[in-house]
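One structure is given below, encoded as structure tokens.
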Amino acid sequence: DTEVTQTPKHLVMGMTNKKSLKCEQHMGHRAMYWYKQKAKKPPELMFVYSYEKLSINESVPSRFSPECPNSSLLNLHLHALQPEDSALYLCASSQDSLAAEQETQYFGPGTRLLVL
Amino acid sequence: AQTVTQSQPEMSVQEAETVTLSCTYDTSESDYYLFWYKQPPSRQMILVIRQEAYKQQNATENRFSVNFQKAAKSFSLKISDSQLGDAAMYFCAYTAPMDSNYQLIWGAGTKLIIKP
């Protein structure tokens, strides 16, 4: 089973709102990722968690706050976003077993975020 | 720096015909992995096929196959018997343990249109 789930599918929020995006995987993967994707562009990496610890933060503004409560869950907390933050937010996971063959990333369906 | 280039912003093919999407990459590493991902209008990023650089045999997955030319740093995707459901953005991606620490380096994408 290579399923990564994300909720909600769509989110509309004002610039003063606080909301959270959720991602879940039950593949036993130990690495989880957040990406931001603008229309017709490839995904841009935001954060990487490895074994529940933040290992990569690609200079993302502090209005995005990731959280990894356990090895299956990944959250992205949103606060005081700007209209330019409107995008598709993708979650992915991979084995992270230090065996290179396991490093395929599997993606969730994404959350379409609109900031008004 | 590693780069992945997809020179065809858009391709179209008649249903049931064969189409080839091109991808070139630049790396000095010998150990790396290449992927083709498909992103239909439903937005989910779906793994199509993966190729390990150390394998000489081209990867195949049903109607999808690659032409991996390591010396030329070329990794094209051939789709045989094209179906309407193949219509999507196709992204080529590269990762390497030493080069990118398993982060995916993405091409710009090719939009594939299937003509009925």
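The values are calculated or read from the model by the stated rules, or taken from the named source; none is laboratory data. Everything numeric here is computed off the predicted structure, so don't read it as measured data. Reconstructed Cβ throughout: ideal geometry from the backbone, glycine too, with neighbour counts over all protein chains shown. Each accessible area value is taken on the protein alone, full model and side chains, heavy atoms only, with ligands, DNA and RNA left out. Shrake-Rupley method; radii C 1.70, N 1.55, O 1.52, S 1.80 Å.
With respect to the conditions (1) within 11 Å of chain B (Cβ to nearest Cβ); (2) over 25 Å from B:THR110 (Cα atoms), A:VAL12 falls short on a single one, namely (1).
Listed by first and then second residue, the pairs linking a residue in segment A:63-92 that is free of Cβ contacts under 8 Å to residues at least 12 places away in the same chain to a residue that is not hydroxyl-bearing (Ser, Thr, Tyr), with Cβ atoms under 6 Å apart and 6 or more places separating them unless they lie on different chains, are A:GLU67/A:ASN75. Flag not set for B:LYS38, criterion: part of a strand (DSSP E or B) and within 9 Å of another protein chain (Cβ to nearest Cβ).
Got at least one residue in segment B:26-40 being basic (Lys, Arg), open to solvent by less than 50 Å² (accessible area, probe 1.4 Å) and touching a Gly at 6+ places or on another chain (Cβ under 6 Å)? Spell out how you get there, then give the answer.
Step one: filter segment B:26-40 for residues basic (Lys, Arg), giving B:38.
Okay, now just the ones that are also open to solvent by less than 50 Å² (accessible area, probe 1.4 Å), so B:38.
Cutting the leftovers down to touching a Gly at 6+ places or on another chain (Cβ under 6 Å) gives us none.
Scanning segment B:26-40 turns up no residue that is basic (Lys, Arg), open to solvent by less than 50 Å² (accessible area, probe 1.4 Å) and touching a Gly at 6+ places or on another chain (Cβ under 6 Å).
So, A:TYR33, is that one touching a Cys at 6+ places or on another chain (Cβ under 6 Å), within 14 Å of another protein chain (Cβ to nearest Cβ) and among the hydroxyl-bearing types (Ser, Thr, Tyr) or not? Judged against the criteria, A:TYR33 is not a match.
Quick grid of which residues meet (1) under 27 Å from A:CYS91 (Cβ atoms); (2) among the basic types (Lys, Arg); (3) at pLDDT 95 or above:
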| residue | (1), (2), (3) |
| --- | --- |
| B:TYR25 | yes, no, yes |
| B:SER30 | no, no, no |
| B:GLN39 | yes, no, yes |
| B:GLN56 | no, no, no |
| B:ALA59 | yes, no, no |
| B:PHE64 | yes, no, yes |
| B:SER80 | no, no, yes |
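Being of a type in the set (A, V, I, L, M), under 24 Å from A:ALA87 (Cα atoms), assigned to a strand (DSSP E or B) and at pLDDT 95 or above: is that true of B:MET11 here? No.
It is to be established whether one or more residues within segment B:61-82 are within 14 Å of chain A (Cβ to nearest Cβ), without any contact (Cβ under 8 Å) to a residue 60 or more places away in the chain and either surrounded by fewer than 21 Cβ atoms within 10 Å (Cβ to Cβ) or over 17 Å from B:THR3 (Cα atoms) (or both). Step through it out loud before you land on a result.
Our first condition is that a residue be within 14 Å of chain A (Cβ to nearest Cβ); within segment B:61-82, this holds for B:61.
So of that shortlist, the ones also without any contact (Cβ under 8 Å) to a residue 60 or more places away in the chain come out as B:61.
Remaining after also requiring either surrounded by fewer than 21 Cβ atoms within 10 Å (Cβ to Cβ) or over 17 Å from B:THR3 (Cα atoms) (or both): B:61.
Yes.
Which residue pairs have Cβ atoms under 7 Å apart, sit 6 or more places apart or on different chains, and have a first residue in segment B:46-58 that is at the interface with chain A (Cβ under 9 Å from one of its Cβ atoms) and a second that is among the charged types (D, E, K, R)? If the second residue must be among the charged types (D, E, K, R), the pairs left are B:ILE46/B:LYS38.
Take B:THR18 and decide whether it is away from chain A (no Cβ under 11 Å), open to solvent by 30 Å² or more (accessible area, probe 1.4 Å) and in contact with a Ser or Thr (Cβ under 6 Å, 6 or more places away or on another chain). Show your work before the answer.
Details: away from chain A (no Cβ under 11 Å): yes; open to solvent by 30 Å² or more (accessible area, probe 1.4 Å): yes; in contact with a Ser or Thr (Cβ under 6 Å, 6 or more places away or on another chain): yes.
So B:THR18 fits the description; yes.
Look at (1) touching a residue at least 40 places away in the same chain (Cβ under 8 Å); (2) open to solvent by 10 Å² or more (accessible area, probe 1.4 Å); (3) among the polar types (S, T, N, Q) and you find that B:GLN103 fails only one, number (1).
Which is farther than 30 Å from B:LYS111 by Cα and either part of a strand (DSSP E or B) or open to solvent by 30 Å² or more (accessible area, probe 1.4 Å) (or both), of A:TYR35, A:TYR49, A:TYR89? If you could, list the steps in order and put the result at the bottom.
Details: A:TYR35 fails: farther than 30 Å from B:LYS111 by Cα; A:TYR89 fails: farther than 30 Å from B:LYS111 by Cα.
None of the others qualify; the one that does is A:TYR49.
Just give me the residues in segment B:83-100 being in a loop (DSSP other than H, G, I, E, B), facing chain A (nearest Cβ under 9 Å) and open to solvent by 10 Å² or more (accessible area, probe 1.4 Å), in sequence order. Within segment B:83-100, just B:PRO97 meets the criteria.
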